[in-house]
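Some notes on the structure that comes next.
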Amino acid sequence: MQAEIIAVGTEILLGQIDNTNASYVARGLAGLGINVFHQQVVGDNPERLDDAIALAEQRSDLVVVMGGLGPTRDDLTKQVVARHLGRKLVVDEQALNKIVTHYKTTGRSLGDNDRLQALYVDGGRSLPNENGMAVGDFIHQANWTDFLVLPGPPRELIDMFDRTVMPVLRDTYQIEERLKSRVLRYFGIGEADLARQLDDLIDNQTNPTLATYAKSGEVTLRLTANAKDDQVANALLDKMEKTVQDRIGQYFYGYGDDNDLATVVVNQLIAHHLSITAAESLTAGLFQSTIGSVPGVSAVFPGGFVTYAASAKHELIAVPQSVIDQFGVVSEQTAIWMAQQSKKLLHTDIAVSFTGVAGPDELEGHPAGTVWIGLAYRDEPVVAHEYHFADDRQLNRWRSVLNGLDLIRRAINDHN
């Protein structure tokens with residue numbers, strides 16, 4: 001079975017927001033064995049949307065239209081779909097009652113456009129929206145293209161898709177076999193190197209299949225098994241994962257699409273009751289900001305230091321001026337002192353330090369991309385690691401943060 005996704009919204013077309021809905025829906029459809037061969041993005045223009053729908057229905061069994069269901073004047077998706085199919089819109093009375101009650105409760109007046117959110121295409125199936133007002137719609141047509149109309153806000157779409165759409169599609173198309181995927185995440189190995197070590201598995205893949213994806217500073221590997229039930233699918237995935245991990249397991253750090261190094265490290269710190277601080281020079285607080293985005297980090301992170309200038313290293317965390325004068329700020333010795341002193345000052349179990357040349361110019365005779373990362377772990381000797389990145393300033397800062405996180409992750413694993 002073949003599906004097509006149409007995302008509606010001028011803000012998506014102009015690149016003002018990311019089209020995350022399309023990737024989520026595509027993964028969900030793939031899990032049902034429904035192939036997505038085409039995707040389109042259309043602005044808030046009824047004529048162009050109608051053209052996109054006409055093209056999609058000629059080449060797809062299911063057309064998923066996302067966005068444009070709200071109460072504003074440019075939210076015209078369901079009207080366009082209904083007109084294209086030659087049907088009228090009808091009211092979902094339960095959804096309308098929800099809208100009326102909400103407006104009464106909040107003391108706001110209810111306009112005609114607000115009521116449009118309760119409409120769906122006649123002959124279709126209204127899909128309830130637990131996190132919003134606009135209902136979705138599934139129009140099943142015998143011997144012709146089906147339509148699935150979903151709201152645009154991800155919080156509404158994701159819940160509707162998981163809670164209602166998946167069961168409806170499975171029942172409508174009598175899907176027994178299913179695709180089950182497992183995402184493995186790796187840091188410290190490039191996509192080309194990872195693929196090279198798995199060449200024979202990729203070339204001869206049948207079930208499960210393997211696909212590599214380059215992320216920002218890391219690589220993910222998606223294993224996908226086709227089976228009649230989860231137990232069989234998991235057994236297939238377990239077997240393939242063992243083969244993969246025997247080859248590249250030293251770079252593996254976690255599972256899942258919605259995961260990253262910062263989340264893994266913070267959860268490790270919390271699980272092992274390890275507190276952490278940081279002293280940052282070239283990263284200028286980026287490491288602390290990154291771990292600060294992870295829920296629960298306050299349990300293990302009391303704060304840290306941004307010591308961008310040489311004087312700040314000396315005055316804030318007492319790096320000896322003699323060390324700076326003798327070795328420079330871009331040095332193993334300065335990185336070690338930064339980690340050691342910050343750990344001492346905030347009484348934490350771990351401290352990480354970053355010093356180096358973000359770029360684009362040289363510093364102390366060191367080329368852009370030269371970085372030292374120090375690590376103080378409990379009572380272990382403080383160490384520092386040297387890295388050489390490219391000459392892109394922002395990438396050098398981000399790569400420094402990722403490598404610092406990986407050093408912490410490996411240290412925790414080695415000691416627990």
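The values are calculated or read from the model by the stated rules, or taken from the named source; none is laboratory data. This is a predicted model, so every value here is computed, not measured. Counting neighbours? That spans all protein chains shown, and the Cβs are built from the backbone with ideal geometry, glycine included. Surface areas here come from the heavy atoms of the whole protein model, side chains and all, with no ligands, DNA or RNA. Shrake-Rupley method; radii C 1.70, N 1.55, O 1.52, S 1.80 Å.
Considering only the other residues whose Cβ falls under 12 Å of the Cβ of Ala30, what net charge follows from Lys and Arg at +1 and Asp and Glu at -1?
+4
What's the angle, to the nearest 10 degrees (0 to 90), between helix 46-59's Cα axis and the longest principal axis of the chain?
With both axes taken from Cα atoms, the answer is about 90 degrees.
Just one of (1) 50, 27, 20; (2) 34, 24, 21; (3) 33, 28, 21 is semi-axes √(5λ) of the Cα gyration tensor in Å calculated from these coordinates, so which is it?
(1)
Using a 1.4 Å probe on the protein heavy atoms, what percent of the accessible area of region 261-414 belongs to carbon and sulfur?
Of all accessible area on region 261-414, carbon and sulfur atoms account for 52 percent.
Select from Ile291, Leu69, Thr212 the residue farthest towards the positive end of the dipole of the chain; place +1 on Cβ of Lys and Arg, -1 on Cβ of Asp and Glu, and compute about the Cα centre.
Leu69
Which value in nm describes the separation of the simple spin-label points at Gln94 and Met166, placed 7 Å from the Cα toward the beta carbon?
My value for the distance between the label points is 2.1 nm.
Where does the longest stretch of the chain lie that holds no trypsin sites (Lys or Arg not before Pro) found in a DSSP loop with 15 or fewer other Cβ atoms within 10 Å?
With a cap of 15 other Cβ atoms within 10 Å, the longest stretch comes to 229-377.
Taking the Cα-to-Cβ direction at Ala309 and at Asp414 and moving 7 Å from each Cα, how far apart do the two end points lie in nm?
If labels sit at Ala309 and Asp414, their model points lie 3.6 nm apart.
Output the relative contact order of region 41-129, whole-number percent, from Cα pairs under 8 angstrom with separation of 6+ residues.
Worked out over region 41-129, it gives 28 percent.
For the Cα atoms of the chain, what angle does the longest principal axis make with the long axis of helix 332-346, in degrees from 0 to 90, nearest 10?
Compared with the principal axis, the helix lies near 70 degrees.
Charges on Cβ only, +1 for Lys and Arg, -1 for Asp and Glu, centred on the Cα centroid of the chain; of Trp398, Gly132, Ala56, which one is farthest towards the dipole's positive end?
Value: Gly132.
Using only alpha carbon pairs under 8 Å that are at least six residues apart, calculate the relative contact order of the chain and give it in whole percent.
10
What dipole magnitude, in Debye to the nearest 20, does region 215-258 give about its Cα centre under +1 on Lys/Arg Cβ and -1 on Asp/Glu Cβ?
My answer is approximately 200 debye.
Tell me the relative contact order for region 2-173 as a rounded percent, counting alpha carbon contacts under 8 Å between residues six or more apart.
23
Choose one answer from Gly256, Gly188, Gly15: the residue with the largest mean-square fluctuation in a GNM of the chain with alpha-carbon springs under 10 Å.
Of the options given, Gly15 has the highest mean-square fluctuation.
With axes computed from alpha carbons, what is the tilt in degrees of helix 230-248 against the longest principal axis of the chain, rounded to the nearest 10 within 0 to 90?
30
Taking only DSSP H segments of four or more residues, each worth -39500 (n - 2.57), what value at 222 nm results for the chain once the sum is divided by all its residues, to the nearest 500 deg cm²/dmol?
Computed ellipticity for the chain at 222 nm equals -12000 deg cm²/dmol.
Please report the equivalent ellipsoid semi-axes of region 178-255, computed as sqrt(5 x eigenvalue) of the Cα gyration tensor, largest first, in whole Å.
In descending order, the three semi-axes are 21, 13, 11 Å.
Quick one: longest stretch of the chain between exposed loop GluC sites (Glu not before Pro), exposed meaning at most 16 other C-beta atoms within 10 Å and loop per DSSP?
Within the chain, the longest run free of exposed GluC sites (Glu not before Pro) spans 178-361.
Can you give me the Cα centroid spacing of region 367-416 and region 182-235 in angstrom?
Region 367-416 and region 182-235 have Cα centres separated by 27 Å.
Return the whole-Å distance between the Cα centroid of region 57-133 and the Cα centroid of region 18-53.
18
Treating the beta-carbon of each Lys and Arg as +1 and of each Asp and Glu as -1, no other charges, what is the dipole magnitude of region 143-183 about its Cα centre, to the nearest 20 debye?
Using only the charged Cβ atoms, the result is roughly 220 debye.
Taking every pair of Cα atoms in region 2-173, average 1/r, invert it to obtain the Kirkwood radius, and report Rg/Rh to two decimals.
0.94
Asp258 accessible area, nearest 10 Å², 1.4 Å probe?
Counting only protein heavy atoms, the figure is 150 Å².
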